[in-house]
Every structure is written in structure tokens, then in C-alpha cells.
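The structure appears right after this line, and notes come after that.
The values are calculated or read from the model by the stated rules, or taken from the named source; none is laboratory data. Every value quoted in this text rests on a predicted model; they were computed, and no experiment measured them. Positions of Cβ are generated from backbone atoms using ideal geometry, with glycine treated the same way; all protein chains shown enter the neighbour counts. The area values use the complete protein model at the heavy-atom level, side chains included, leaving out ligands, DNA and RNA. Shrake-Rupley method; radii C 1.70, N 1.55, O 1.52, S 1.80 Å.
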Amino acid sequence: MYAVVGCSDCQALTIVEGRPETTQCPRCGKRRKFEKLKTFVETDDEEHAREVRSSMLANRQGEGEAFAELDSFAEMESQVEEAVVADDEYLEASGIDSDEVEAAAERVENRSASTRGSSRKDTVLAALRDLDRPTEEEVVAYASDEGVPAEYVRDALDKLTRRGEVSESRGHYRLL
């Protein structure tokens, strides 16, 4: 069930699904019991609730007649879907080979997938998890094998230690 309800403070109109005990106005943030809200319509059809709310908003702005001339949301949505040009069709009409675009996208995706597996910080954290009480140089070596620069590792260890996420004792690090 869907209900079009109004807020008594700011007069916002919203659609509420089901019958919650309380609901919060998205505009002013006031929380009220559902039973206390002014209910304009209750329906099992979400689209109908959207149409009623839209009609009420249009009438508030003096645009009720213009709104009445519009098609329903479902009809407008299908019109938009029919009017859209497919990506391949658009590229081909622009003189661009869509197969080449797709191949280039795959190359970029494959390249970024290998580096995206983990961030630099994740690599430093993984070193701290995987190694037993590692020194700074051991963490640097671990991270450099994953392509993380030594300078970044040293800065990350310093920041993690200052934040209390990592402890350092006598040159050995431990993840907290």
C-alpha cells in the first residue's frame, strides 16, 4: 500500500510505502506517527500515488491544467526509452568504430583491474597483517613487491601510528 501524505509543519507531500509506525518528513525532518498525518490517497499502485502527488503539486503552483495535458509517468518513460539511441548506433553514426571502443575499454579495464585489487594503504595494512612484527624495511619490501613506493609506505606507517591504528615498538610494527 502507498499513501500520499502531507506534513503539517512544512506542507510537503510525500509518498509513504506500507503503514510504518512513524515517518519522517524529507523536507523539514519532523518525525510523526503515521496515523496523525493527513492522508490524501491510499492505493496499492505506486504509479497512481506518484500521479496523485504530482497532480497536487502542479495544482499548488497553478499548473494543474498543464499537468492534465501530460501523459502518465509510465507512458512518458516508455516514450523516452523508444527515443534513446543505442551507444553503438550513436558511435557508428559519428564515424567511430564501436568495436574499437569496446576493445579499448576492455584494455583499460584489464589494466586497472590489476592495480585496483587493493589500494596502497590496503597493501601496507596487508603487510602488517601478513608479516609477524615486521620492521619498516620489511613492510617497505612487501609493499614494493606490490608496486607501492617506499616513501608512501613510510608516510603511511607514520600516519597509521599517529592515528593509533598501528603500534611501533623498538622498530617493529603491529596492527591494532
Read-out Rg and Dmax of the Cα atoms in Å, candidates [x] 29.0, 78; [y] 15.9, 45; [z] 17.5, 58; calculated match is [x]
Taking a straight Cα-to-Cα line shorter than 13 Å from Lys38, and setting aside same-chain aspartates and glutamates fewer than 8 residues away, one finds Asp9
Non-local residues with an amide H under 5 Å from the amide H of Val148, with H modelled 1.01 Å from N and Pro and chain starts lacking one, are none
Under the Karplus relation with 6.51, -1.76 and 1.60 and θ = phi - 60°, whole-Hz ³J(HN,Hα) for the stretch 148-157, x at Gly and Pro, equal 9, x, 4, 4, 4, 4, 4, 4, 5, 4
Expected vector for the stretch 95-102, Karplus 3J(HN,Hα) from phi with 6.51, -1.76, 1.60 and θ = phi - 60°, integer Hz, x for Gly and Pro, equals x, 10, 6, 5, 5, 5, 5, 5
The answer for trypsin sites (Lys or Arg not before Pro) in the stretch 130-176 that fall in a DSSP coil and have at most 12 neighbouring Cβ atoms within 10 Å is Arg170
To the nearest 0.05, the calculated FRET efficiency linking Asp97 and Met76 through their beta-carbon distance, R0 being 35 Å, is 0.55
Per the C-alpha gyration tensor (a ≥ b ≥ c, the square roots of its eigenvalues), the stretch 83-176 is rounded if a/c is under 1.5, else prolate if a/b beats b/c, else oblate; here it's prolate
Contact order relative to length for the chain, counting C-alpha pairs under 8 Å separated by 6 or more residues, stands in percent at 12
Cross-link reach from Lys121 to lysines, straight Cα distance under 26 Å and at least 8 residues apart if same chain, gives Lys159
Amide H contacts under 5 Å for Val166, restricted to residues at least 5 apart in sequence or on another chain and with H modeled in the peptide plane, are Thr161, Leu176
Residues other than Arg174 with Cβ under 12 Å of its Cβ, Lys/Arg counted +1 and Asp/Glu -1, net out at 0
Computed over the chain, protein heavy atoms only, probe 1.4 angstrom, the accessible area per residue in square angstrom equals 70
Residue span Glu138 to Thr43: 0.36 nm per residue of separation minus Cα-Cα distance leaves a gain in nm of 27.7 nm
